[in-house]
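Please read the structure below before turning to the comments.
Values in this text are rule-based calculations from the coordinates and carry no lab data. All values reported here derive from a predicted model rather than from experimental measurement. Every residue, glycine as well, gets a Cβ built from its backbone with ideal geometry; the counts of neighbours run over all protein chains shown.
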Amino acid sequence: MQPTRLTPKLSPTLTIEDIVSRTADLPTLPAAALAVMRESESATGSAQSVGKYLAQDGALAARVLRLANSSYYGLSRSVLDVSEAVVVLGMRNVRNLAMVASTYPWMNKPLKGYALAPNEMWRHSFGVAVAASLTAEKSRKVSADEAFVAGLLHDLGKTAISVWLENKLPAMLRIAEKEGLPFDAVERKVLGYDHMEVGAHMAESWNLPQTLVDVMRYHHRPSELTPTNAMVDCVHIGDYLAGSMGFGLGGDGLGYQFDENALSRVGLGVDDLDSLADAFMVSYDQHERLFEETK
Ligand SMILES: [Fe+2]
Ligand SMILES: [Fe+2]
């Protein structure tokens, strides 16, 4: 269904479907980026097929090429087309570049419903992508590349409901403070659902892999997913790490509980958080060069 342009008015009967279908400028992932994502995960995916899908979207291919040629990768010569980029950088690296290039344009916008200034949602999402992928790497339970994408997209639902919360933010913050509730609980109180549920709904409507749907739905409460999933655990830990270092948090702050069981499930302990935090700062600085060139 095409989103229609309406002035958002908060109503207690607004369903998730309403939110998704009635929000103007709802974020989208280009069809080519979704195809690249599916192809890079499929058993039959190859450098050739990934390059072919990416080349179908000229604008996206051009952004990916610009990133591939950025100083971050330090290639000795310029990569001229996307098939070459896939060969030189690898299928999963190019998939991640396609995701960065596709999400930056809308994650960079301000999210007034969460008091996030321009760029803050992006910094948070990119920070969680980096932190989740480092956690995955250390735990060796799931692919670090996939954790990067999962981290990048985890708060997707915020981009859809932000506009509906704008006028309510001061009241919501008051409720959070007065009742001692985390911000996601206030979302549920005001809307009947939260950004996790909305994100999961969007991920399902885009046919994203089930693990990503689970990441959207359970990243605040990883122990509630049965059976639990190491990818959800890594994103939960990444969200905590990036958040605790002040990466792009606005209205909802650190307002939800860190679940230490997620750490033990991926074979890590509280002591590992310090070394992960150190690694995060180094890795984020390195990535920032790439990040600067996505602008
Ligand atoms: Fe979240
Ligand atoms: Fe988050």
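Numbers below:
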{"read-out": "Additional length obtainable on full extension of the chain from residue 43 to residue 166, 0.36 nm per residue less Cα span", "value": "39.9 nm"}
{"read-out": "Lysine pairs in region 108-295 with Cα atoms under 25 Å, if 8 or more residues apart or on separate chains", "value": "15"}
{"read-out": "Rounded, prolate or oblate (a/c below 1.5 giving rounded, otherwise prolate when a/b exceeds b/c) for region 165-295 by Cα gyration tensor", "value": "rounded"}
{"read-out": "Amide H within-cut-off set for residue 116, under 5 Å, with H built and near neighbours excluded", "value": "111, 251"}
{"read-out": "Gained length - residue 72 relative to residue 112, 0.36 nm times residue gap less alpha-carbon distance", "value": "11.2 nm"}
{"read-out": "Percent RCO, i.e. relative contact order, over the chain, from Cα pairs under 8 Å lying at least 6 residues apart", "value": "20 percent"}
{"read-out": "For the chain, calculated [θ]222 nm from helices alone, where every DSSP H run of n ≥ 4 adds -39500 (n - 2.57)", "value": "-19500 deg cm²/dmol"}
{"read-out": "Dipole-positive endmost among 205, 60, 286 within the chain (Cβ charges, Cα centre)", "value": "60"}
{"read-out": "Listed peptides 93-100, 40-47, 208-215 by packing density, highest first (mean Cβ within 10 Å)", "value": "93-100, 208-215, 40-47"}
